[in-house]
Amino acid sequence: MNLQPDGSALVVLSGGQDSTTCMYWAMRHFRRVVALTFRYGQKHALEVDLARSLAAEAGVEWHCMELPFLGGLSGGCSLTDPSLAIEQESPAPGHYPSTFVPGRNLFFLSIAAVFARDRGIHDIVTGVSQTDFSGYPDCRDAFVKSLGVTLNLAIDEQFRIHTPLMWLSKAQTWQLADELGVLETIRTRTLTCYNGIPGDGCGHCPACLLRRKGYEEYRNSIDNHLKNKCIE
């Protein structure tokens, strides 16, 4: 997708590692950035407060929208049902993780498009990734491309959905944060943990394990690079 350095972009900002990295990415590529956060009954709702503070610190206009219906559309989701524990192991083949919220990105991006249209914004940025997507079908490139076509037909606009992390591993996402100069902000101020603990999180939920594995891989790659330079 062609970027428009002089234009505006709307970032779907959860307050987690990926979306916050995307906010800073958008700030690098667009003159004006607006952030939209959703509260949908998620257990880790502290991410909403972190999104607000991160946007304020970055000088980004921030909005929050309540979607109380989303968590009640389907049962069995451990992110929105307080009676269910977060699973610690990967699901069996052919099954989605218990943290899968059906239709979440479908609703988020559709609402974001309507919200953006009202503000004259046509570039929407989201942190979904098909490389490290935890088994969520609505993080896939095919879904995003399909939805982009649908939104343009439904609203009669020309939205561009940017997915800077789509083909990046978690290690590469950490690398991008470092290149953007916000590695420590992402590491200490964002909330990825399904149990609602900021920074390094609980250390044992699937989101924390994926995040930590990526960080360690990135740090090891830096150490190896420095070691090789010393040898040279």
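The values are calculated or read from the model by the stated rules, or taken from the named source; none is laboratory data. From a predicted model like this one, the values you see are computed outputs, not experimental measurements. So basically every Cβ, Gly included, is an ideal-geometry build from the backbone, and we count neighbours across all protein chains shown. Quick note on the areas: whole protein, heavy atoms, side chains included, nothing else; ligands and nucleic acids left out. Shrake-Rupley method; radii C 1.70, N 1.55, O 1.52, S 1.80 Å.
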Convex hull projection area averaged over all views, the range 121-182, Cα basis, nm²: 4.8
Place the peptides 103-114, 148-159 in order of packing, highest mean first, counting for every residue the other Cβ atoms within 10 Å and averaging per peptide. 103-114, 148-159
Check: the chain dipole with +1 on Lys, Arg Cβ and -1 on Asp, Glu Cβ, in debye: 120
Length-normalised contact order of the range 100-168, Cα under 8 Å, at least 6 apart, in percent, tallies to 40
What accessible area per residue comes out for the range 95-213, rounded to a whole number of Å², with a 1.4 Å probe? 43
Once both label points are put 7 Å beyond Cα along the C-beta direction, the THR150-THR131 separation in nm becomes 2.7
Stretch gain in nm, segment ASP200-ASN220, where the contour uses 0.36 nm per residue and the Cα spacing is subtracted: 5.5 nm
Expected unfolding gain across ARG140-ALA56 under the 0.36 nm per residue rule, minus the alpha-carbon gap, is 27.2 nm
Find the percent of Cα-Cα distances in the range 14-112 that exceed 15 Å, and round it to a whole number. 66
Set the Förster radius R0 to 22 Å, insert the Cβ-Cβ distance between HIS63 and SER110 as r into 1/(1 + (r/R0)^6), and round the FRET efficiency to 0.05. 0.90
Compute the length gained on full extension between HIS29 and ALA85: take 0.36 nm times their separation in residues and subtract their Cα-Cα distance, giving the result in nm to one decimal. 16.2 nm
If R0 is 35 Å, what FRET efficiency do you get for ASP49 and TRP167 from their C-beta distance, rounded to 0.05? 0.70
Applying a 10 Å radius around every beta-carbon, put 8-21, 179-192 in order of their mean neighbour count, most first. 8-21, 179-192
For the chain, what is Rg from Cα atoms divided by 2.2 N^0.38 Å, rounded to two decimals? 1.01
